[in-house]
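Novice: Supplied in structure tokens, the structure appears directly below.
What follows draws every value from the coordinates through simple rules; no lab data is involved. Note that the coordinates shown come from a computational prediction; the quantities given were computed from them, not determined experimentally. When we count neighbours, we look across all protein chains shown, and the Cβ atoms used for this are built from the backbone with ideal geometry, even at glycine.
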């Protein structure tokens, strides 16, 4: 007993945790843990270690691994422990192996046998322990070893066992659906289990099964509705209630299943409508769990066949969520809105201001959820505002993952709904500037293509204006050294193609800029390649125009550097550039025609223009061409022409070792090798490159290659004028609404006035608080506040609205009041049975200090007392703790918790801080002792904040 | 399904880590660190939900809550209801409170095996097993009682310790 510290653990373990708690740095912690590992290694290996010592060592091992250190040396001991007869040890062994091992670990084979044996045990706790392990450790291969027994256990007399057996089968289903496909009837049977716990557990596998195959479970709709009805009518035992809600978790699961079953199925949906309506009517929006159920109902409504009444109730629920202060509820509201918006797009308008507030909320989660909503409701009338917002947000965040996501969303909606090409280019510039390396390279190509193709054939002036504005904007920003590579590539291409087109900038100026770029990105070969090609274009345009070209000295040195480059692609380009500058204007004009980016190539795959040459060669006694696969072992390196960058280097020489035979064969079967088109010329043996015209002048290949980048076969043409004018799926919800207005107006003029006034009461109230800026934003997002009023007045289904609103208003006001009145009071109950948003209101008051009086001790004394208790007077402390037997404890707590629920109902935090204390009277002393001890233990290194050690739940 | 449960303290030290799909130790540590970073960056009085797709993949989110000195984190995918997860966490904490009586961080440190026992009665294989508080407490107590008995049979009174834990 002397070696025992508090908490039933040995002194050593206490010391370990204490020293880890006190360690000041990660390095120090690591040192301590490594020492611990050494000592554990020694002791675990010692055959004389007693079993119960061993158990503690295993637990310490788990602890060590939890801190991130390798504990694999001890796995085998954990496995051995599962063989033990003693339940305590066995459970510890199982716990350790489930945490240590994955299901494919070599040691699993040693456990399967034990599991098999334990599943047959008379002691149901042993069976449960084994089932826990089954749920974690059994893989596809070992399923057959335990499956028969697990199926038998479905009929075990203990419900705890049946429950876990169902879960184990579910696990098997997830692992290997085939292994349990013949057992689906068993799941159905378990749904009718006498024990609601087993029924609830069965819903989990059913949900998965139904997700996978809806049709074969349609017959269950009626019985599931029946179960749900019974649950809501409180037919389940009282102890399934949670916060006065009958079995809410089962309700939620059932709603999820029904949503799947009723999705797109009118008949099934009709069977669900009634119960769904009832639950929504009864829903309790004062508790967390009540709102969770309401949210699930809304989700269910949005997936069922639409029903106007339920949709209205759902819209109502959403407005309840969005009006609350709690971030959690607004988060759910936005989530629910984005689901419902697919079915009834018009409901967004009622909530425009709420949505905008969410957008400006400091809570990042809420913001993201709102951006998801905006993304879903983007159309051609609000795309500019939404994309602007998205970009602003994208710039403000650092999280690369989310940045990528939002950038690609920006591009997607911008492509789809762009109002003008000018806007599209500017938007793309912004996206590239801030997230260029994160977006797909296809996007860069489509941007280049847009600039090249411009507004279309009809308006050449607008095209060139677009291009020169693009050139201007690029010249302006290209000095920024941090621009992403993909964007620089676009810039280089555009400058090369159009830099001198409008005559505003001299060739010298543009080439200087291009050289700077190539220099600034000295390690980026792709950028350099783009820059050199751009230089070549500029020079050839100059030559073609008959002007004299003087190559800048920095350009000259750049070319020289590239001539010696490691990259054959760069070399090739540099040589071409060098050659082209030596040619006369006529030749250059043919090689590099101006403004030819959009022209398509006719590729003569048969190379018929060479026929003459071949004939002559054959006549002169040359060997006829043998297809590549016909001349085994012959290398055709000799006539390899160095080709364009990555694209063609793929076709080019393959120097990789251990090349697999298959791709090589595949490479050799391009259309060119088709016997009918085969060209019998030994010279042109490298036919894989035949995709490109074999250039009569070497440098011409470069046009081909730069063009090649623009032939974006896979890219749909989404942007540009045609799309702009083409019908957008949902042109704008307001249009529909206007139509509705027209249709309805003559009938509902009288009532609409009345309703409009109530609505404006609401909106007027909001108007006082909202800045015109936000209103404007709302208008641009949703098509105008005035329109939305009109909308509300027109839809006769909103009759019930005015009835709801004042009530909600007053409710939200009261909740607001409570927070204002008692902002400085600490939540007396950390269990927080009420609104989650209030938990953090004021943690500044230390309940520990408030409790101190009750012990009649000065703050220092309990600490020192307990310290002695923890070390020297251990028995005293023990007796003190053993006094409070678990059962008594539990009961009193049940009472106190339920008392608090009754008292506080809604708030949970509105009660005076003393309430729980008096309720928990007898525990306080113990709690304080523990507190003091904990404090002394120094688990938390910072002693200065006593708050850290207040009880979790006091 | 529920992907995992993590309890960590205000300094980011893990107190209980349980993943329902196996994750290698290094990945666990990385996940814990990134979650801790996210939690630290959250301002007060905001929602309890965080999108965790950058750590665990698409559509995975987590719900967190602070109880005294501890962060409780549940990681789950889109087949679960966020708010209900928050309440499930509440069930877990209530259960801990009932089993430990005035639970504090040190209970969690020393008795994480017992924490696992409680958790196993609530969540099994990533699915909600049961949420009936009295059933859970009953199950946990039966296990503990049996363990106590087996201890005293084999060891006599020497490990009576503190409630035999």
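Novice: Once the Cβ-Cβ distance between residue A:480 and residue A:140 is put in as r, and R0 is 51 Å, what FRET efficiency do you end up with, to the nearest 0.05? The partial results should precede the final answer.
Specialist: On the way: r = 54 Å, r/R0 = 1.06.
It comes out at approximately 0.40.
Novice: Using 0.36 nm per residue of separation minus the Cα-Cα distance, give me the extension gain between residue A:50 and residue A:560 in nm, one decimal.
Specialist: Result for the pair: 175.8 nm of gain on full extension.
Novice: Classify the stretch A:51-147 as rounded, prolate or oblate from the Cα gyration tensor: take a ≥ b ≥ c as the square roots of its eigenvalues, call it rounded if a/c is under 1.5, otherwise prolate when a/b beats b/c and oblate if not.
Specialist: Numbers: a/c = 2.17, a/b = 1.28, b/c = 1.69.
Judged from the Cα gyration tensor, the stretch A:51-147 comes out oblate (a/c at least 1.5, b/c at or above a/b).
Novice: Another question, if that's okay. As an exercise, use a Förster radius of 25 Å and the Cβ-Cβ distance of residue A:344 and residue A:270 to find the FRET efficiency, rounded to the nearest 0.05. Please list the in-between numbers first.
Specialist: Working: r = 19 Å, r/R0 = 0.75.
FRET efficiency, residue A:344 to residue A:270: 0.85.
Novice: Evaluate peptide B:89-99: per residue, the Cβ atoms of other protein chains within 10 Å of its Cβ; return the mean as an integer. Provide the component values of the computation, followed by the final result.
Specialist: Values: counts 0, 8, 4, 0, 5, 7, 0, 2, 10, 8, 3.
What the average comes to for B:89-99 is 4.
Novice: Using label points projected 7 Å from each Cα along Cα→Cβ, tell me how many nm separate residue A:194 and residue A:420, to one decimal.
Specialist: 7.8 nm
Novice: Follow-up. Hey, for a label at residue A:506 modelled as a point 7 Å past Cα toward Cβ, could you say which residues of the stretch A:516-548 have their backbone N under 16 Å away?
Specialist: Inside the label zone: A:539, A:542-543, A:547-548.
Novice: At a Förster radius of 30 Å, what calculated FRET efficiency corresponds to the Cβ-Cβ distance of residue A:106 and residue B:149, to the nearest 0.05? Can you show the working numbers first?
Specialist: On the way: r = 35 Å, r/R0 = 1.17.
Calculated value: 0.30.
Novice: Can I ask one more? What percent do you get for the relative contact order of the stretch A:360-417 when only Cα pairs under 8 Å and 6+ apart count? Show your work: numbers first, answer last.
Specialist: Values: 25 pairs, mean separation 21.1, N = 58.
That works out to 36 percent.
Novice: Would you calculate the separation in nanometres between label points at residue A:80 and residue B:33, each defined as 7 Å from the Cα along the Cα-to-beta-carbon direction?
Specialist: With each label point 7 Å from Cα toward Cβ, the separation is 3.4 nm.
Novice: Sticking with this structure for a sec: Grab the Cα-Cα distance for residue A:113 and residue A:70, subtract it from 0.36 nm times how many residues apart they are, and report the gain in nm with one decimal. Numbers along the way, then the final one.
Specialist: Numbers: separation 43, 0.36 × 43 = 15.48 nm, distance 2.63 nm.
Extra length from residue A:113 to residue A:70 when fully extended: 12.8 nm.
Novice: Using a ≥ b ≥ c from the Cα gyration tensor of the stretch A:405-501 (square roots of the eigenvalues), is it rounded, prolate or oblate, where a/c under 1.5 gives rounded and otherwise the larger of a/b and b/c decides, a/b for prolate? Spell out each step's value before the answer.
Specialist: Working: a/c = 2.01, a/b = 1.19, b/c = 1.70.
Judged from the Cα gyration tensor, the stretch A:405-501 comes out oblate (a/c at least 1.5, b/c at or above a/b).
Novice: Something else: What average count of beta carbons from other chains do you get within 10 Å of the Cβ of residues in B:38-50? List each step's numbers first, then the result.
Specialist: Details: counts 3, 0, 0, 3, 4, 4, 5, 11, 13, 15, 9, 10, 4.
If you average over the peptide's residues, the count of other-chain Cβ atoms is 6.
Novice: Could I ask something else about it? Ranked highest first by the average count of other Cβ atoms within 10 Å around their residues, in what order do A:40-49, A:361-370 fall? Mind showing how you got there, number by number?
Specialist: On the way: A:40-49: 12.8, A:361-370: 20.5.
The most tightly packed comes first, giving A:361-370, A:40-49.
Novice: A further question follows. Among A:225-233, A:24-32, A:311-319, what's the highest-first ranking by average C-beta atoms within 10 angstrom per residue?
Specialist: On the way: A:225-233: 18.0, A:24-32: 12.3, A:311-319: 22.1.
Most protected by this proxy first, the peptides run A:311-319, A:225-233, A:24-32.
Novice: Shape call for the stretch A:83-203 from the C-alpha gyration tensor, a ≥ b ≥ c root eigenvalues: rounded (a/c under 1.5), prolate (a/b greater than b/c) or oblate? If you can, show how the numbers build up before the last one.
Specialist: Details: a/c = 2.04, a/b = 1.31, b/c = 1.56.
The shape class here is oblate.
Novice: Take residue A:442 and residue B:21, extend 7 Å from each Cα along the Cα→Cβ direction, and tell me the distance between the two endpoints in nm.
Specialist: Output for this residue pair reads 2.6 nm.
Novice: A follow-up question, please. Per-residue Cβ counts within 10 Å, from other chains only, averaged over B:132-143: what number is that?
Specialist: On the way: counts 14, 7, 6, 9, 1, 5, 2, 6, 1, 3, 4, 6.
The per-residue average across the peptide is 5.
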